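Structure record follows, encoded as structure tokens.
Please treat every number below as a calculation from the coordinates, not as lab data. What you are looking at is a predicted structure, and each value in this text was computed from that prediction instead of being measured. Cβ atoms come from the backbone with ideal geometry, glycine included; neighbour counts cover every protein chain shown.
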Amino acid sequence: MPLIAVLPGDGIGPEVTREARRVLEALDLGLSFEEAPVGGAGYLASGHPLPDATLALAKRADAVLFGAIGDPRFEKLERHLRPEAALLGIRKALGLFANLRPATLFPGLEDASPLKPEVVNGLDIVIVRELIGDIYFGEKGHRTTPDGLRQGYDVMSYDEQEVTRIARVGFEMAKRRRKKLCSVDKANVLETSQLWRDVVTAMGAEYPEVELTHMYVDNAAMQLVRAPAAFDVIVTGNLFGDILSDQASMCAGSIGMLPSASLAAWSGANGMYEPIHGSAPDIAGQGKANPCAAILSAAMLLRHSLEDEASAQRIEKAVAAALAKGARTADLGGTLSTAAMGDAVLSELQ
Ligand code: ATP
Ligand code: MG
């Protein structure tokens with residue numbers, strides 16, 4: 001019986017995770033669930049944002065369903081005690097190097113995007129972002145120059161193995177979709193990007209069915225606004241992926257619609273699934289958060305960790321059907337509560 005670790009976290013995390021769990025339970029797949037505190041909730045329970053028992057559960061589980069973390073009450077604590085420390089801790093401990101962020105525009109939500117309906121129409125892209133390397137994890141520090149100026153530095157680096165494993169995820173993803181992979185780098189300027197491009201290009205020979213293109217990151221930022229629907233899969237490094245995936249998310253309307261997966265392998269392995277939004281302290285406890293991102297994250301869990309594509313699609317179709325019938329939380333211009341939106345999705349599950 002597959003074990004799902006449920007880490008609801010803080011703010012609206014528990015509210016939206018509850019709906020995602022209800023949907024998973026309704027599918028009757030014989031899953032077992034175990035819950036543990038993380039983030040501010042972890043700190044309150046045990047004095048640390050990532051309690052040992054929570055990390056042990058995440059490691060033992062077949063997949064982790066994550067809510068959100070962040071609690072203004074704990075912002076002043078030392079860095080390692082802040083809720084956010086738990087997220088980096090889990091990613092590192094589970095080796096979650098691949099972050100998948102699909103941005104899909106559900107029919108009927110065209111008006112929710114700041115871009116024109118004809119620009120976002122048909123939007124269905126996935127950004128594959130490398131998650132545990134690049135400039136975020138290289139040597140960093142500050143020093144004084146010979147001229148007495150303060151200087152900060154961060155080293156950007158990737159080795160072949162790191163690029164190979166994320167490129168593999170990009171190609172496998174593209175192969176299962178519209179077979180277009182756009183690799184984003186800055187190879188005209190950066191050594192890391194030249195290595196990146198070499199490795200991706202070489203792997204392309206293994207995937208003759210996938211149309212591979214390369215794009216500089218500045219051009220990619222422009223194309224994501226000009227014609228986002230032209231992309232299928234984008235594979236890129238940690239820094240560029242961080243920026244481009246937030247940019248792409250806006251094409252799809254509300255932040256409350258977007259799920260994500262963080263994976264340690266292309267499929268069949270432990271992974272963590274969470275909405276891209278945060279704990280939203282401004283609306284926490286009011287029952288008005290949109291649970292769709294959490295519910296769609298549960299669909300990704302079934303697809304990638306449990307290799308149950310059929311059940312993943314059942315969930316995605318139910319969300320689309322509920323939206324098509326006009327079900328809307330406040331962020332989408334409606335009046336449904338979090339639980340009522342969950343009910344609307346549940347009633348479309350077949
Ligand atoms: P974090 O640092 O935890 O990522 P953040 O400061 O980036 O948090 P979010 O928590 O993502 O911000 O919230 C940003 C805005 O989006 C807030 O106004 C919040 O109310 C809104 N929001 C986030 N998630 C949802 C949701 N599921 N439904 C409705 N509104 C949401
Ligand atoms: Mg945020």
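Projecting the alpha carbon convex hull of the chain along each direction and taking the average yields 18.6 nm². Per-peptide packing, taken as the mean over residues of other Cβ atoms within 10 Å, places 293-306, 213-226, 162-175 in the sequence 293-306, 162-175, 213-226 from highest down.
Pairs to check: LYS92/LYS116; LYS288/LYS325; LYS140/LYS179; LYS92/LYS186; LYS76/LYS140. Give those whose C-alpha atoms are more than 29 Å from each other in this structure. Going by Cα-Cα distance, LYS92/LYS116; LYS140/LYS179 fall outside the 29 Å limit. Scoring 26-38, 258-270, 57-69 by mean Cβ neighbours within 10 Å over their residues and listing the highest first yields 57-69, 258-270, 26-38.
Relative to the current alpha-carbon distance between LYS179 and GLU160, full extension at 0.36 nm per residue lengthens the span by 4.5 nm.
Taking 1.306 mPa s as the viscosity and 10 °C as the temperature, the Stokes-Einstein diffusion coefficient of the range 230-350 based on its alpha-carbon Kirkwood radius rounds to 104 µm²/s. The residues LYS186, LYS76, LYS140, when put in order of fewest to most other Cβ atoms within 10 Å, stand as LYS76, LYS140, LYS186. If you wrap the tightest convex hull around every Cα atom of the range 114-251 and split its volume per residue, you get 120 Å³. Expressed as a whole number of Å, what is the distance separating the alpha-carbon centroids of the range 154-180 and the range 320-350? The range 320-350 and the range 154-180 have Cα centres separated by 35 Å. Computed over every Cα-Cα pair of the range 264-325 and binned at 10 Å starting from 0, the pair-distance distribution P(r) comes out as 21, 41, 29, 8 percent. Contact order for the chain, expressed relative to its length and based on alpha carbon pairs under 8 Å spaced 6+ residues apart, stands at 22 percent.
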